[in-house]
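No value in this document is a laboratory result; all are computed from the given coordinates. Fair warning: this is a prediction, and the values are worked out from it, not measured in the lab.
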Amino acid sequence: MKKEAISIWCDRIGKRLALVYGEAAIPIPEIESRFVAESGWKLKSILVTDRCYNRHNDGIQPTTPRMFEYVGEGEVRYLGLEYAYTGPMLHKPKKKGEPERTVGQWTNGVLAFRG
């Protein structure tokens, strides 16, 4: 239930910020601060990149609802839930110096996850 609620809050906030930012990237700290202010939850409850179609973080299920696209250091673009995303899903290891690797491929909103 908590994970579903986080997704709902992230989607609501993403929709509203997309009205302000349009096609431009949204700073992740903007999403985080609104999440804390509006949901009343702690910042540690959310990691915005967990909700990005093109990112995979350790400990997160591939089926976790996603609504953002990671576009660069500290920035995302809102696409929406159940978006027909096409592109790779990348994993960035926590260990410095390790290269990103492809762990899945989205095709029209359907993920083929390889882990």
By the C-alpha gyration tensor axes a ≥ b ≥ c (rounded if a/c is under 1.5, else prolate when a/b exceeds b/c, else oblate), the shape of the range 65-115 is oblate
At a Cα cut-off below 20 Å, give the aspartates and glutamates reachable from Lys95, other chains included and same-chain residues fewer than 8 away excluded.
-> Asp50, Asp58, Glu73
Taking the range 2-83 and dividing mean pair separation by its residue count, relative contact order in percent (alpha carbons under 8 Å, at least six apart) = 32
Angle between the chain longest axis and helix 28-39 axis [Cα atoms, degrees, rounded to 10] | 50
Let a ≥ b ≥ c be the square roots of the eigenvalues of the Cα gyration tensor of the range 7-66; is it rounded (a/c under 1.5), or, if not, prolate (a/b larger than b/c) or oblate?
-> oblate
Quick one: angle between helix 2-21 and the longest Cα principal axis of the chain, in degrees between 0 and 90, rounded to 10, please.
-> 80
Entries of Lys2/Lys44; Lys15/Lys44; Lys3/Lys42; Lys3/Lys94; Lys3/Lys44 with Cα pairs more than 19 Å apart = Lys15/Lys44; Lys3/Lys94
Over the chain: helical MRE at 222 nm, DSSP H runs n ≥ 4 each giving -39500 (n - 2.57), nearest 500 | -9000 deg cm²/dmol
